[in-house]
Amino acid sequence: EPPLTVRSLSEAIGRPAKQILGILFKRGEMLTINSLLHEETALELSLELGVDLKIVKPKDVEDELQEYIDLPDDPSVLENRPPIITILGHVDHGKTTLVDKLRSANVAASEHGGITQHIAAYQVTKNGQKLTFVDTPGHAAFGEMRARGANVTDIVVLVVAANDGVMPQTVECIAHAKAAGVPLVVALNKVDLPDRNEQRVLQELAAQNVLAAEWGGDTEVVRTSGLTGEGLDELLETLLLTAELNEFKANSQRPATGACLEAFRDEGRGPLAWLIVQKGTLRRGDVVLCGQAYGKVRSIFNEHQQELDEAPPSTPVMLAGLDIVPAPGDKFVVLDDLDLAREIAERRRMAGRQVSLSSRGGKRTLEDILNA
Ligand code: GDP
Ligand code: MG
């Protein structure tokens, strides 16, 4: 919240600071242009100067914005949307290999050269139905996103190597999925290896309260190999079935809201943000507020670098048009007014600066000052 001073009041009501200081002087208060004012005093002064001052607190705007995002939809307008899936698991259990296999089955041959380019999220089509995969860089990032209130995941795929079994990070991933309250599907991976021990892994999972369906529990376990491609069709089918059971729906007819997965600055195109649309439809020309960034949507691209006119719920897009680079986990919302978006973004930047200044506790280095 920007400080309320004689100067800011003078600017807000369009009266000279001298006049305000004059009234205060008559009241016996010797203040300067930079003196802080109480809200009540500011209201009194404005009244005396014949101006109807309205003090808008940032928190109110933020609350209103959150209400707008959370605005419930009439069940009759809800439509099925693709499930949003995050793949988690212990290091080296085969997440990247699995993802590459899933993606390569879904990209045109001509595009293979471009597959090395980093993709934050992508869609896979199976039996005419879409599935959205978010490429979270580890379960820690998954937890951070959640901690920031960006719950984008519907289903977690837990990759467990059949030869290695449940490892420390596997346990952490299970905890994250449980905390998120989302269904878990286990990919019992590397089943091509001769030293696999499936029963032992199922047992270790059971010890973590993840009981396989084949053992009477409610967790689907699919045998996979990212190397041979075995089980990948079954994994996708299991995910579609899980989605069907959970009825993931959204209203595509409202202004888009969602979250930023990651963002960076591109030499030519400026700030680029990977967003996932959770509700509504994002369109070119929309005014977007995303964390401390705002702007008019110049273009939206899918993971194949194809330009889209619009992105319905559960679509991951790369967006160009924001003025600065937002942060992962920032929520985004489409507003109908660019001025409002700018105002909120600027207020957030100011608040962010105040927080970071006070948290430095006076120990400012030259670098801090240069980067401020
Ligand atoms: P990540 O750390 O979970 O992303 O694991 P990677 O995908 O990088 O795989 C780690 C290692 O396991 C690499 O050497 C892969 O070639 C190998 N690997 C991954 N999936 C399989 C699999 O299904 N079978 C076998 N035999 N090796 C695999
Ligand atoms: Mg990896």
#### Entry: Pairs with Cβ under 6 Å, 6+ apart, first in the range 184-199 and closer than 15 Å to LYS95 by Cβ, second assigned to a strand (DSSP E or B) and near ligand 1 (Cβ under 9 Å from one of its atoms)
ALA187/VAL159; ASN189/VAL159; ASN189/ALA161; LYS190/ALA161
### Task
Return a yes/no flag: does the range 215-238 have any residue that is within 12 Å of GLY165 (Cβ to Cβ), within 16 Å of ligand 2 (Cβ to nearest atom) and not basic (Lys, Arg).
no
### Message
Condition (residue is under 19 Å from VAL152 (Cα atoms), surrounded by fewer than 19 Cβ atoms within 10 Å (Cβ to Cβ) and modelled with pLDDT under 95) applied to the range 349-356: is it met by at least one residue?
### Response
no
### Task
Name the single residue, out of those in the range 77-129 being within 23 Å of the chain's Cα centre (by Cα), part of a loop (DSSP other than H, G, I, E, B) and among the aliphatic types (A, V, I, L, M), that is modelled with the lowest pLDDT.
ILE119
#### Entry: Per-region count, the range 228-237, residues more than 29 Å from the chain's Cα centre (by Cα), farther than 8 Å from LYS101 by Cα and not charged (D, E, K, R)
2
### Task
Can you confirm whether the range 161-179 contains a residue that is part of a strand (DSSP E or B), away from ligand 2 (no atom under 16 Å from the Cβ) and surrounded by fewer than 19 Cβ atoms within 10 Å (Cβ to Cβ)?
no
### Identity of the residue in the range 63-76, part of a helix (DSSP H, G or I) and either in contact with a Pro (Cβ under 7 Å, 6 or more places away or on another chain) or in contact (Cβ under 8 Å) with a residue 24 or more places away in the chain (or both), that ends up nearest to ligand 2 (Cβ to nearest atom)
ILE69
### Message
Give me the residue from the range 180-200 that is of a type in the set (A, V, I, L, M) and farther than 26 Å from ARG146 by Cα and, out of that set, surrounded by the fewest Cβ atoms within 10 Å (Cβ to Cβ).
### Response
LEU193
### Task
Could you list, in sequence order, all residues of the range 196-245 that are farther than 24 Å from LYS130 by Cβ, among the charged types (D, E, K, R), in contact with a strand residue (DSSP E or B) (Cβ under 9 Å, 6 or more places away or on another chain) and in a helix (DSSP H, G or I)?
GLU198, GLU204, GLU214
### Query
Do you know which of the residues in the range 82-97 that are among the aliphatic types (A, V, I, L, M) and more than 9 Å from ligand 2 (Cβ to nearest atom) is surrounded by the most Cβ atoms within 10 Å (Cβ to Cβ)?
ILE84
#### Entry: Single unsatisfied condition, ASP266 versus (1) in contact with a strand residue (DSSP E or B) (Cβ under 7 Å, 6 or more places away or on another chain); (2) among the acidic types (Asp, Glu); (3) more than 20 Å from ILE119 (Cβ to Cβ)
(3)
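The values are calculated or read from the model by the stated rules, or taken from the named source; none is laboratory data. All figures in this text were calculated on a predicted structure; none of them were measured in a lab. Because the Cβ atoms are built from the backbone with ideal geometry, glycine has one as well, and the counts that use them run over all protein chains shown.
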